[in-house]
Amino acid sequence: MKTYIYPENLKATVKLWFWNVRDFIIICTGVVISVMIFAKLWTPVPMAFTICYAFITLRAEDTAIMDYMTSAFRYFCITQREYRWKKGE
């Protein structure tokens, strides 16, 4: 008899270390392209973009830093906040 081990949540996204697999592939591709550009042109700009993307897409407990930044920007800059005062009884 064969035993199969399934994850607890079958709908969860696949993670590789601190990133989703899609983000990890983008980061690896960015690193390879950045190293090739750095070797040819001696400019670290593409590597800086790749490092920034890697930092922004870090995931901790199903929340990425980009999700947190988007929520904070929406809260402080876009959405209207309502304040209501009621007279105490």
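Each reported figure results from applying straightforward, stated rules to the coordinates on display, with no laboratory input. All values reported here derive from a predicted model rather than from experimental measurement. Cβ placement follows ideal geometry from the backbone for every residue including glycine, while neighbour counts extend to all protein chains displayed.
If you line up the long axis of helix 21-41 against the longest principal axis of the chain, both from Cα atoms, how many degrees apart are they, to the nearest 10?
Computed tilt is about 50 degrees.
When the chain is fully extended, how far beyond the present Cα-Cα distance does residue 32 get from residue 75, taking 0.36 nm per residue of separation?
11.8 nm
Test of the criteria: in the stretch 14-89, which trypsin sites (Lys or Arg not before Pro) are in a DSSP loop and have at most 12 other Cβ atoms within 10 angstrom of their Cβ? Mind showing how you got there, number by number?
Details: sites: 15, 22, 40, 59, 74, 81, 84, 86, 87; in loops: 81, 84, 86, 87.
Within the stretch 14-89, the qualifying trypsin sites (Lys or Arg not before Pro) (loop, at most 12 other Cβ atoms within 10 Å) are 81, 84, 86, 87.
In the chain, if the dipole is taken from +1 on Lys/Arg beta carbons and -1 on Asp/Glu beta carbons about the Cα centre, which of 31, 66, 49 is farthest to the positive end?
66
If only Cα atoms are counted, what is the Rg of the chain, and what is its Dmax, in Å?
For the chain, the Cα-based Rg and Dmax read 21.2, 75 Å.
How much length is gained on full extension from residue 87 to residue 61, taking 0.36 nm per residue of separation minus their Cα-Cα distance?
Values: separation 26, 0.36 × 26 = 9.36 nm, distance 4.16 nm.
Value of the extension gain: 5.2 nm.
Residue 11: which lysines have alpha carbons under 24 Å from its alpha carbon, excluding same-chain residues fewer than 8 sequence positions away?
Straight-distance partners of residue 11: 2.
Could you give the dipole magnitude of the chain about its Cα centre, charging the beta-carbon of Lys and Arg +1 and that of Asp and Glu -1, in debye to the nearest 20? Before the final figure, lay out the partial values.
Values: 11 positive and 7 negative charges, 36 e Å.
Taking the Cα centre of the chain as origin, the dipole is about 180 debye.
Work through the residues other than residue 21 whose Cβ is under 14 Å from its Cβ and net out their charges, Lys, Arg +1 and Asp, Glu -1.
+2
How about the stretch 36-89: which chymotrypsin sites (Phe, Trp or Tyr not before Pro) there lie in a loop by DSSP and see at most 11 other Cβ atoms within 10 Å?
Those satisfying the criteria are 42, 83, 85.
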